[in-house]
Protein chains: 2
Amino acid sequence: MNQVPRGEETRSRILEAAAECFARHGYDASGVAEICQHAGVTKGAFYHHFPTKQAVFLELLNQWLKVLDAQLATAQVGATTVPERFIRMADMAQHVFQMADGRLPMFLEFLIEARHDPAIWQAVIAPYRQYRAFFADIIRAGVAEGTLQPVDPEIAAQVVVSLAVGLVSQGVFDPTGADWGQVTQKGIQILLDGLETQE
Amino acid sequence: MNQVPRGEETRSRILEAAAECFARHGYDASGVAEICQHAGVTKGAFYHHFPTKQAVFLELLNQWLKVLDAQLATAQVGATTVPERFIRMADMAQHVFQMADGRLPMFLEFLIEARHDPAIWQAVIAPYRQYRAFFADIIRAGVAEGTLQPVDPEIAAQVVVSLAVGLVSQGVFDPTGADWGQVTQKGIQILLDGLETQE
């Protein structure tokens, strides 16, 4: 029972403990010592797996983004047109809000601290720019299949991502201010009405 | 020359110094002592004008929002329809980005700290909810004048504010990632295309 867990298990326990500490006390206020205590591992074990607290955070971010990628991929299964793909992605908004809650504040805290560190900045901004590329590809496909007007896919994708960033931020900071799932669906519907070719 | 400034002038100097300290070092890292030193006032003078550092921040926020209100009002002068009013407000986006830069990070920092303090939370969230009401009124007017489809004004306003929140966040956190003024104009244009009645 008192065996010290090793390798992958230790790594998972550190990540899980860090996620809990960050969510409860914030990124800045959670020290490596506290994370180690919560995970039941030594500092030596911690530094064997992660060079810094920052590295733990980036790995957590990476894991959440993988979940989001999988959800976005699953949501689109069975959709035959680009507008349908958008509507299905809007339907999964509720899951994204749940995942973002308790995580976005610490993410913002991390982002504010990382703002003047170019290396960390790149690591944080890269996945976000990938989402823009992801939506640009979808919009490009919509223009090609004739369901969307011939818009600039890059700019239209930036608009879609802006709406998503704004919705997630508000869902976290003002959770009771609106039915954010409903606002997301309506927002995507209005955007689609603006983007779709007239029949 | 060495006269101690009094009354309104002291108050202004404290606010100006606090704005500079918050922008340079962040909200949390800027103490009352540092603000006083920067403003060239005593702690006694500081506490004569403001009960806490938090109160200084809320007053700064209040000032910026007044500037934004004035800009939003000015932008709409001469517009004869609701779609025109939206297009003119989108044109002033560049000013909003400039004003938000260097201020949004500290605002977010403040918001994260205030998240579990109901009184402060209310003070911060109130103006943001006013903007939602402001846009809901404009959309209601557009529906009434027949330029916009009969949408739910509250939900459509939440969509508009979501887009705005997302645009400002990205303009601050990823300033070189896009031409945010252009994305704002395109975003409003797509939303309007989705909202306007078909001719």
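Within segment A:10-28, being in a loop (DSSP other than H, G, I, E, B) and open to solvent by 60 Å² or more (accessible area, probe 1.4 Å) holds for one residue alone: A:D28. So, of the residues in segment A:182-199 that are charged (D, E, K, R) and at the interface with chain B (Cβ under 7 Å from one of its Cβ atoms), which turns out to be farthest from B:E196 (Cα to Cα)? Ranking the qualifying residues of segment A:182-199, first place goes to A:K186.
Restricting segment B:123-140 to residues that are free of Cβ contacts under 8 Å to residues at least 60 places away in the same chain and within 13 Å of B:L65 (Cα to Cα) leaves a set whose member that is surrounded by the fewest Cβ atoms within 10 Å (Cβ to Cβ) is B:A126.
Just one of the numbered conditions (1) surrounded by fewer than 16 Cβ atoms within 10 Å (Cβ to Cβ); (2) touching a Phe, Trp or Tyr at 6+ places or on another chain (Cβ under 8 Å); (3) of a type in the set (K, R) is not true of B:R103: (1). Taken over segment A:1-54, the criterion of being closer than 15 Å to A:M106 by Cα, basic (K, R) and modelled with pLDDT of 90 or more is satisfied by A:K53 alone. Taking A:I125, is it farther than 29 Å from A:L191 by Cβ and in a helix (DSSP H, G or I)? In short, no. Looking across segment B:35-57, the residues that are surrounded by 17 or more Cβ atoms within 10 Å (Cβ to Cβ) and either of a type in the set (D, E) or closer than 18 Å to B:Q122 by Cα (or both) come down to B:K53, B:Q54, B:V56, B:F57. Here is the figure for segment B:73-84: residues that are open to solvent by 20 Å² or more (accessible area, probe 1.4 Å) and touching a residue at least 60 places away in the same chain (Cβ under 8 Å) total 1.
Here B:A45, B:A39, B:A33 are screened, and the one residue that is touching a residue at least 40 places away in the same chain (Cβ under 8 Å) and more than 19 Å from the chain's Cα centre (by Cα) is B:A45.
Within 9 Å of chain A (Cβ to nearest Cβ), free of Cβ contacts under 8 Å to residues at least 12 places away in the same chain and touching a Pro at 6+ places or on another chain (Cβ under 9 Å), is that true of B:I155? No; evaluated as a whole, the condition is false for this residue. Of all residues assigned to segment B:163-181, none qualifies as being touching a helix residue (DSSP H, G or I) at 6+ places or on another chain (Cβ under 7 Å), part of a loop (DSSP other than H, G, I, E, B), touching a residue at least 24 places away in the same chain (Cβ under 8 Å) and facing chain A (nearest Cβ under 10 Å). Evaluated against (1) within 14 Å of B:F86 (Cα to Cα); (2) at pLDDT 95 or above, B:D193 falls short on exactly one condition, (2).
Every residue, every condition in (1) surrounded by fewer than 18 Cβ atoms within 10 Å (Cβ to Cβ); (2) within 14 Å of chain B (Cβ to nearest Cβ); (3) part of a helix (DSSP H, G or I), yes or no:
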site: A:W64; (1), (2), (3): yes, no, yes
site: A:F86; (1), (2), (3): no, yes, yes
site: A:H95; (1), (2), (3): yes, no, yes
site: A:L108; (1), (2), (3): no, yes, yes
site: A:I112; (1), (2), (3): no, yes, yes
site: A:W121; (1), (2), (3): yes, yes, yes
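Tallying residues that are surrounded by fewer than 18 Cβ atoms within 10 Å (Cβ to Cβ) and part of a loop (DSSP other than H, G, I, E, B) within segment A:148-162 yields 3. When B:T184 is tested against the conditions (1) without any contact (Cβ under 8 Å) to a residue 40 or more places away in the chain; (2) in a helix (DSSP H, G or I), the lone failure is (1).
Hey, among the residues in segment A:143-152 that are within 13 Å of chain B (Cβ to nearest Cβ) and in contact (Cβ under 8 Å) with a residue 40 or more places away in the chain, which one's nearest to B:D179 (Cα to Cα)? Top of the filtered list is A:V151.
The values are calculated or read from the model by the stated rules, or taken from the named source; none is laboratory data. Predicted, not measured: the structure shown is a model, and the values here were computed from it. Using ideal geometry, Cβ is built from the backbone for each residue, glycine included, and neighbour counts are taken over all protein chains shown. Only protein heavy atoms, including side chains, enter the accessible area calculation; ligands, DNA and RNA are left aside. Shrake-Rupley method; radii C 1.70, N 1.55, O 1.52, S 1.80 Å.
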